[in-house]
């Protein structure tokens, strides 16, 4: 019987799923930010002391789940890793963000990694 938690059903070969989870970032387009550190979702400027996270943004404004980033093949139109404020990260889902960006083909380090 399949699990009720939205987990992928294992195939007959018991291989890990190869799909990459993405989620649309419902952004709020505002006037151009005044600094070069702004939230990708609301375009508000982020103060240096303000809490922030990173999210990988594709060319069609989809967030790539950090656990799936190692399987993601970056495309020319991707925006790459972008800053996202904590309030917007909570709206998107904190699990879709990370403390630090990762290189292509490598999953970001877990928050408690040293």
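Report note on the peptides 66-76, 28-38: ranked by the mean count of other C-beta atoms within 10 Å, highest first, their order is 66-76, 28-38. Based on alpha-carbon atoms, the Kirkwood radius and the radius of gyration of region 13-92 give Rg/Rh equal to 1.04.
Relative contact order of region 22-96, taken over Cα pairs closer than 8 Å and 6 or more residues apart, is 33 percent.
Bear in mind that the values in this text are calculations on the coordinates, not laboratory data. This structure is a prediction, so every number in the text was calculated from the model and none was measured. With ideal geometry, Cβ positions are generated from the backbone for all residues, glycine too; neighbour counts draw on all protein chains shown.
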